[in-house]
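Have a look at the structure below, then the notes.
Please treat every number below as a calculation from the coordinates, not as lab data. Because the structure is a prediction, the values reported are computed rather than measured. Positions of Cβ are backbone-derived with ideal geometry, glycine not excepted, and every protein chain shown enters the neighbour counts.
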Amino acid sequence: EARPLRDIYKNDFIVGVALANSDLDDPKSVSIVNREFNSIVAEFGMKMIDVIPKPGIYDFYWPDKFLRFAEENGHSLIGHTLVWHKNSPDWFFRDEQGNPLKREQLLVKLQEHINTYVGRYRGRVTGWDVVNEAFNNDGSFRKSPWFNIIGDDYIEKAFEFTHLADPTAELYYNDYGLVHSKKQEAVISLVKRIRSKGIPVHAIGIQGHYSLQFPDLSKLDQAISRFSKEGINVMITELDVSVLPFVSQDVMEQGAIVSEVKKLLLNPYPNKLPDSIADSQSNRYVELFCIFIKHSEFINRVTFWGISDKHSWLNHWPVNGRVDYPLLFDREMKPKNALKRLKE
Ligand code: XIL
């Protein structure tokens, strides 16, 4: 049997995987995770809405279970994610009477939340994606409730609060589209600004939701070089390679044009991925890993966004009902050729 991924790349980086809550109780998933990987992250089970489903009511069932699984099986656990424009419930931004909170009130509430949540796992969660997706591709701040109510320093405050709640945890800023130069520059200035205040940022997370064509590999290569030259380490945090027509998250969020949506709904390979496409995907994975290895001095971890094609979020995003094949295991949880190629 071929050596596990985590073993093959052990001198380069940690190899992680995102798990659905149900994976923790699924023997097939568990055996793959424990054989191939050495780091886990909850695909959704540790996001804000899952942890505080109702005002003031915490539910730590899943985070506790993720931590136990990680500790029992020797994985590092990454906390994903504390502050994000999605999965922050609307009521979080209001008081008990339903009035919108003011800056100072929201800051107090955020710090209390981070103290409760991050503090609970102090010393045991390896690192947190403190803030997720705060910028637009043009480098401007995303106009989320966090930004609108607090202002642009909500990001550094979140890092500060997390650091105070667990000084041993690594802190990451996580985003997609970091091959866009203006967004790259915005993230670099952000990291510099936070660090200049004595607050740590250990790395940035490049999500890595890619396709057969996107991104241009030389751009990705340049982006990683650019971050490393600025003294910023990189994690590849949500790697998958879609084989379907690709539309950026931003286009979708701005309301995609009808023809784009139609293209997306097409399921060109409803039953099986043709060998030629599977080959392109394997090549793509190999090319991506070549870039990661080239920069392995600055890349500490590469995490796949799921185990198998069957459970990938890309079957539901950006529109429901797609049949995508983005990961290393097929719908029967059998290793795909892409996995074999990554082991050669
Ligand atoms: C996605 C999950 O995969 C889905 O299961 C969930 O319903 C929505 O979020 N960028 C991120 C991830 O940072 O948290 C997103 O995960 C995918 C895009």
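Only helices (runs of 4 or more DSSP H) whose full extent lies in region 27-114 are considered here, and the ones with at least 1 residues that are within 23 Å of residue 161 (Cα to Cα) and not acidic (Asp, Glu) are 48-51, 61-73. Among residues of region 6-21 that are under 18 Å from residue 64 (Cα atoms), those with a Cβ under 9 angstrom from a residue that is part of a loop (DSSP other than H, G, I, E, B) and among the charged types (D, E, K, R), sequence gap 6+ or separate chain, pair up as 18/43; 19/43; 20/26; 20/43; 21/43.
So which residues in region 284-314 are of a type outside the set (Gly, Ala, Ser) and either within 13 Å of the ligand (Cβ to nearest atom) or in contact with a Lys or Arg (Cβ under 8 Å, 6 or more places away or on another chain) (or both)?
Result: 285, 286, 303, 304, 305, 307, 309, 310, 311, 313, 314.
For region 71-89, the count of residues that are over 30 Å from residue 141 (Cβ atoms) and crowded, with 21+ Cβ neighbours inside 10 Å is at least one.
One residue alone among 218, 211, 189 is surrounded by fewer than 22 Cβ atoms within 10 Å (Cβ to Cβ), farther than 20 Å from residue 79 by Cα and touching a residue at least 12 places away in the same chain (Cβ under 8 Å), and that residue is 211.
More than 16 Å from the ligand (Cβ to nearest atom) and out of contact with any Asp or Glu (no Cβ under 6 Å at 6 or more places or on another chain): does that describe residue 49? No: the conditions fail for residue 49. The residues listed here are 156, 104, 133, 96; of these, the one that is farther than 23 Å from residue 64 by Cβ and within 16 Å of the ligand (Cβ to nearest atom) is 133.
Just to be sure before I move on: is residue 83 β-branched (Val, Ile, Thr) and in contact with an Asp or Glu (Cβ under 8 Å, 6 or more places away or on another chain) in the structure I sent? Spelling it out, it is not the case that residue 83 is β-branched (Val, Ile, Thr) and in contact with an Asp or Glu (Cβ under 8 Å, 6 or more places away or on another chain). Of all residues in region 146-202, those being within 18 Å of the chain's Cα centre (by Cα) and of a type outside the set (Val, Ile, Thr) number 16. Please determine, by comparing only the residues of region 324-338 that are hydrophobic (A, V, I, L, M, F, W, C) and buried (at least 19 other Cβ atoms within 10 Å of the Cβ), which one is nearest to residue 264 (Cα to Cα). Per the criteria, the residue is 327. Of the residues making up region 152-186, just one is within 20 Å of residue 77 (Cβ to Cβ), surrounded by fewer than 23 Cβ atoms within 10 Å (Cβ to Cβ) and of a type in the set (S, T, N, Q), namely 168.
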